[in-house]
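Asker: If you scroll down you'll find the structure; I have some questions about it.
The values are calculated or read from the model by the stated rules, or taken from the named source; none is laboratory data. These figures come from a predicted structure and were not determined experimentally. Positions of Cβ are generated from backbone atoms using ideal geometry, with glycine treated the same way; all protein chains shown enter the neighbour counts. Ligands, DNA and RNA are stripped out before the accessible areas are found, and what is left, the full protein with its side chains, is counted by its heavy atoms. Shrake-Rupley method; radii C 1.70, N 1.55, O 1.52, S 1.80 Å.
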Amino acid sequence: MEIYGIGGSTIDKELKAIKPIAHLVKPIQKEEFQVRIKKATDLMQHYKVKAMYLHAGTNLYYFTGTLWNSSERIVGALLFQDGSLEYIAPEFEIGTVLDFMTITGKVNGWQEHENPYKLFSNILFNYGIHEGDVFIDEATPFFITNGILKANSKLNLVNAKPITAGCRMFKSDAEIAIIQLAMDITLEVQKAAARVLRVGISTKEVTDFIHEAHKRYGVVSGSYFCIVLFGADSSFPHGVKNPKNLEANDVVLIDTGCMLQNYISDITRTYVFGEATEKQKRIWNIEKETQQAAFDAAKLGATCGDIDAASRKTLELHGLGPDYKLPGLPHRTGHGIGLDIHEWPYLVKNDNTILQPGMCVSLEPMICVSNEFGIRHEDHVFLTNEGAKWFTEPMCSISDPFGVWIC
């Protein structure tokens, strides 16, 4: 069986052929951050919570446009029902915080020897909040929540997920445009990675190529992550400690993505380098059928759990599983994506979240055959008023995974 689009090229040739395109999409504009804050404050009024803390990381960025990484020092912002923002940061970082700030607000500083949690409590006092519920970003480290409660034990810290997820699950047109271009870039990188394969190539060589290819497309940071697995290693969904080099007739699994304008792509491609066995062909085709079943179940008004159930029903019809048993699907069918590679909603059987326009999720019902091989087709969809649409089209066939010839 001839395999199309696999092997036959070189790393140097593929890198030289790439032209940058990452600049073709606009970043999120200030006006959109303001819309997000308005939606958050409307939800705060609905839940009757007067303040919400946003910790450094993706939630702080999503609502305020302020990029800051979490560390051992508290950096974040308190959002109040009237839309006011009060930032909190070490005194020596205030200048940098102001430089990164998109939605402005007062920055409250604390010196290294001072207690920042008392400052946090005092900011609340200034807004008349002495006790009761305060929503806390679910990604806030324990040492911060513990410090806040020690400073004011009358506060009741509540998980802010109803607001953070309630906003972030629904992507705007601008967000979808960024994710689409990121996915387009990663798919082209996947195609190029398949072409550079040769017997004896190491996973590091492929990983390094994928990183550089993402950079050549204009993604300055390169790959956000990269998993390259050959042969039996592919039966372990997220890899092994010492991955093997490529041999003839190995299953190849590559899972990678990049970060573009702070949004992430994530695509897995699985195929055979050489001649596939009948078992590999059978499982590959079942995986394709299962992914399609997940797509068909991704209907407005259905639940996230319905998609996972559709995947498992298809596998069981082929004698795989049931549930998480191998050979079969050892994990959930998929996850949301956006500023985080894994975010709400999650396609797992106990998730009753209703599918609505704006949601973006992966469909990756991987089939693992223990210590032999694994097949994962991973593409993402976004929900529109007309239903689900693919960001990237699924693989074509095991002999032509990228649709070079027959698709």
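Asker: From the set of residues in the range 315-330 that are open to solvent by less than 30 Å² (accessible area, probe 1.4 Å) and in contact (Cβ under 8 Å) with a residue 40 or more places away in the chain, which is nearest to the chain's Cα centre (by Cα)?
Answerer: Gly328
Asker: Can you tell me which condition Ile3 does not meet? The list is (1) modelled with pLDDT of 95 or more; (2) over 19 Å from Leu260 (Cβ atoms); (3) touching a Ser or Thr at 6+ places or on another chain (Cβ under 7 Å), and all the others hold.
Answerer: (1)
The rows are residues; the columns are (1) touching a residue at least 24 places away in the same chain (Cβ under 8 Å); (2) touching a helix residue (DSSP H, G or I) at 6+ places or on another chain (Cβ under 8 Å).
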| position | (1), (2) |
| --- | --- |
| Asn122 | no, no |
| Phe170 | yes, no |
| Ala174 | yes, yes |
| Ala177 | yes, no |
| Leu187 | yes, no |
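Asker: Does any residue of the range 32-43 turn out to be at pLDDT 95 or above, farther than 24 Å from Leu155 by Cβ and touching a Cys at 6+ places or on another chain (Cβ under 9 Å)?
Answerer: yes
Asker: OK, next. So which of Gln34, Gln81, Gln45 ends up being out of contact with any Leu (no Cβ under 7 Å at 6 or more places or on another chain) and under 30 Å from Gly218 (Cα atoms)?
Answerer: Within the list Gln34, Gln81, Gln45, the selection yields Gln34.
Asker: Test of understanding: among Leu155, Leu149, which residue is crowded, with 20+ Cβ neighbours inside 10 Å and more than 26 Å from the chain's Cα centre (by Cα)?
Answerer: Leu155
Asker: For Lys299, state whether it is more than 17 Å from Leu347 (Cα to Cα), open to solvent by 50 Å² or more (accessible area, probe 1.4 Å) and not polar (S, T, N, Q).
Answerer: When the stated conditions are applied, Lys299 does not pass them.
Asker: Out of the range 208-231, which residues are open to solvent by less than 40 Å² (accessible area, probe 1.4 Å) and either without any contact (Cβ under 8 Å) to a residue 12 or more places away in the chain or at negative phi (or both)?
Answerer: Passing the criteria: Phe209, Ile210, Ala213, His214, Tyr217, Val219, Ser223, Cys226, Ile227, Val228, Leu229, Phe230.
Asker: Report whether or not Lys26 is at pLDDT 95 or above, surrounded by 12 or more Cβ atoms within 10 Å (Cβ to Cβ), of a type in the set (Lys, Arg) and farther than 16 Å from Arg216 by Cα.
Answerer: Here the answer is no, as Lys26 does not meet what is asked.
Asker: Among the residues of the range 192-207, what is the count of those that are in a helix (DSSP H, G or I) and surrounded by 17 or more Cβ atoms within 10 Å (Cβ to Cβ)?
Answerer: Qualifying residue count, the range 192-207: 8.
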